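Below: the structure, in C-alpha cells.
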C-alpha cells in the first residue's frame, strides 16, 4: 500500500502543472478535502498543534507519527507528513525517526534544516537528508526543506546551494517556505533538477503563475486551519448578537458535505 501510494504521489509532481495539495489538520478535514476533489494532501504541524491547544513546534515525534497515520488511513489519496526537523539533530537520530515513517501509511514526508532555534550548517543538514533517504528507502517520497526565508534569512544563493545539496543527497522534492517573488521562485526552479514545492501565501504569485514558473507542487501550510478558526470568530459574534443567526446556512452546507465525505454511500 505504501509503495503504491508513493508511486502515485511521485507521478503527481509535474513541473508546469503543479499538484495543488492542501493541508488538513485532522482526519475529518482530510476526508472533506478529498470529497472536494483534491488528489493529495499534507499534514500541517501548526494546524495539528492548534487542535491540541499548543503552538507550532510543540508536538512530539510520537504524536506527529500517530497524527500522520490517522490522516493517511482516513483517505485513499497520497498524504505527505510534516515531520518538522525530524525531531532530532544528528543524522542517526533523524534516520531513527524516518525508520518509523513507513509504518504510518503516508506516501511522503518532509524534513526541515532548522533545529532548536537555528538553521543547521549546510553540511550537517545535507547529512540528515542522506540519512533520511537511506532510512526511507524508496517507499516514501522525501521532501527536503530549506528554511532560510521562513526564518528571517532571505539568502537566495545559500538556499539554492542547500537545495542542490539536498537533491544530491536523495531528496525527491525541494521546498523553500516563504519564497514569494516570481524571480526567486524562477531562480530556484531553474537551478535544481527536482520538483519544487511552493507555499501559497498572499505574497506569492497565483497558482496559474506558479505553473508558468515551472513549480510542481503548491501547499498551504496551516492556512486552512487558521482560516477555519478565523471563521469561528464570526460565528461567535453572531451567537452573542440578537439574531438572526445567518450561520445556519453554513451549518447546512457543511453538514451535507461532511455526510458525503464521511459516508459517500448514504
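The values are calculated or read from the model by the stated rules, or taken from the named source; none is laboratory data. Since we're looking at a predicted model, the values are computed, not measured. Counting neighbours? That spans all protein chains shown, and the Cβs are built from the backbone with ideal geometry, glycine included.
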### Query
Listed residues 12, 33, 83, 41; which is closer than 19 Å to residue 114 by Cα and at pLDDT 95 or above?
83
## Note on the structure
Inside the stretch 200-219, the number of residues satisfying the requirement of being surrounded by 18 or more Cβ atoms within 10 Å (Cβ to Cβ) and without any contact (Cβ under 8 Å) to a residue 40 or more places away in the chain is 4
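For (1) touching a strand residue (DSSP E or B) at 6+ places or on another chain (Cβ under 9 Å); (2) surrounded by fewer than 20 Cβ atoms within 10 Å (Cβ to Cβ); (3) outside any loop (DSSP other than H, G, I, E, B), each residue gets a yes or a no:
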{"site": "6", "(1), (2), (3)": "yes, no, yes"}
{"site": "37", "(1), (2), (3)": "no, yes, no"}
{"site": "48", "(1), (2), (3)": "yes, no, yes"}
{"site": "58", "(1), (2), (3)": "no, yes, no"}
{"site": "89", "(1), (2), (3)": "yes, yes, no"}
{"site": "93", "(1), (2), (3)": "no, yes, yes"}
{"site": "103", "(1), (2), (3)": "no, yes, yes"}
### Task
Kindly provide the set of residues from the stretch 8-26 that are in a helix (DSSP H, G or I) and buried (at least 17 other Cβ atoms within 10 Å of the Cβ), ordered by number.
9
### Message
For the stretch 60-80, which positions are within 13 Å of the chain's Cα centre (by Cα) and not in a helix (DSSP H, G or I)?
### Response
78, 79, 80
#### Entry: Considering residues of the stretch 212-266 that are touching a strand residue (DSSP E or B) at 6+ places or on another chain (Cβ under 9 Å) and assigned to a loop (DSSP other than H, G, I, E, B) only, the residue nearest to residue 18 (Cα to Cα)
216
### Query
surrounded by fewer than 20 Cβ atoms within 10 Å (Cβ to Cβ) and under 24 Å from residue 214 (Cα atoms), is that true of residue 81?
no
### Summary
Exactly one of 150, 136, 120 is farther than 19 Å from residue 196 by Cβ, at pLDDT 95 or above and surrounded by fewer than 21 Cβ atoms within 10 Å (Cβ to Cβ), and that one is 120
